[in-house]
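K.L.:
My questions will all concern the structure given below.
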Amino acid sequence: MSNTNLSNKNLSRGRPINPEKQVEQKNKLLDAAFELLSEKSYADITLRELATLSGVNSAMVSYYFSNKEGLFIALIDRMSKKHFLSMKEISHTKNPIKTFIVSILKILSSNGSFARLIHAEFSAKDSELSDIFIERFPKKMAVFLPQLIKKETGILDDKKAKYVAFSLINMIITPFINKSIRKDAWQITDEEIQDDFWAEHIYQQFMFGCAKSTITTHHTDLNGENHDPIEKSNIS
């Protein structure tokens, strides 16, 4: 048998030529990465574990994604597309801000992989994964959420909308990042922050803060200088 025939045989054995089979294998690897990330950190996940869980040869990670990092970058891309597709749908609901809060809480409570993305490796500096995560999630949220805030609260100033949006996302995410402090010091359980009452608590605190922050007709900076009036909110 010629070398060419041997090469083609090896290719067909390990690397499917059928495009549908390739997509299937890619998705199996991505699904395995997603599941493993809910159980352990990115650094602790091995190619062998990915291969075992997906049922795909570990060499396919390099073939499809170049390396493990490439696989997780592809996973971040997939999660981002799904996440912001749902965000667009939220903007058309009856109460977009409350629906947004409930939606993010649900994702963080039921999706250990997403919570770990925020909490662990991808918040680190000097990492391609960190850069990709920031591009795909926080930066996109920094565009989407202020626009939603301006639409739903009556806040017109771009800077104020940005500050308010940043405050809201931190209200939602912080209990998941500081999990040990929440549990050990404040005795607030996972079940409590998954309850509807917690979502309502965040929503009421946020809307109250918006109303208070926009009711003042002028503001003074730290040097005692007056600035242009701040718009009044139409929040009732």
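K.L.:
Obtain the nm distance between the two label points defined at ALA59 and ASP190 by a simple spin-label model: each point lies 7 Å from its Cα along the Cα-to-C-beta direction.
P.N.:
Simple spin-label model gives 3.9 nm for this pair.
K.L.:
Shape call for segment 128-195 from the C-alpha gyration tensor, a ≥ b ≥ c root eigenvalues: rounded (a/c under 1.5), prolate (a/b greater than b/c) or oblate?
P.N.:
oblate
K.L.:
Here's another thing I want to ask about it. Past 27 Å, Cα to Cα, is the threshold; run LYS40/LYS183; LYS82/LYS212; LYS40/LYS139; LYS26/LYS179; LYS98/LYS139; LYS28/LYS94 against it and keep the listed order.
P.N.:
LYS82/LYS212; LYS26/LYS179; LYS28/LYS94
K.L.:
Please arrange PHE166, PHE72 by how many other C-beta atoms lie within 10 Å of their C-beta, fewest to most.
P.N.:
Least to most surrounded, the residues fall as PHE166, PHE72.
K.L.:
Same structure again: Please arrange LYS140, LYS160 by counting, for each residue, the other beta carbons lying within 10 Å of its beta carbon, fewest first.
P.N.:
Going from least to most buried by this count: LYS140, LYS160.
K.L.:
May I ask you to list the trypsin sites (Lys or Arg not before Pro) in segment 27-78 that are in a DSSP loop and have at most 14 other Cβ atoms within 10 Å of their Cβ?
P.N.:
Here the trypsin sites (Lys or Arg not before Pro) that fit, given the DSSP loop and packing criteria, are LYS40.
K.L.:
Another question, if that's okay. Which whole-angstrom value gives the distance between the alpha carbon centres of segment 173-191 and segment 9-79?
P.N.:
Their Cα centres are 33 Å away from one another.
K.L.:
Continuing with the same structure: Starting from segment 28-82, pick out the GluC sites (Glu not before Pro) whose DSSP state is loop and whose Cβ has at most 13 other Cβ atoms within 10 Å.
P.N.:
Filter output for segment 28-82: GLU39.
K.L.:
Check LYS40: other-chain or 5+ apart residues with amide H under 5 Å from its amide H, H built from backbone geometry?
P.N.:
Hits under the 5 Å cutoff: none.
Throughout, read-outs are computed from the coordinates displayed, never taken from laboratory work. None of the values given here were measured: they were computed from a predicted structure. Methodologically, a virtual Cβ is constructed for each residue, glycine included, from the backbone with ideal geometry; neighbour enumeration extends over all protein chains shown.
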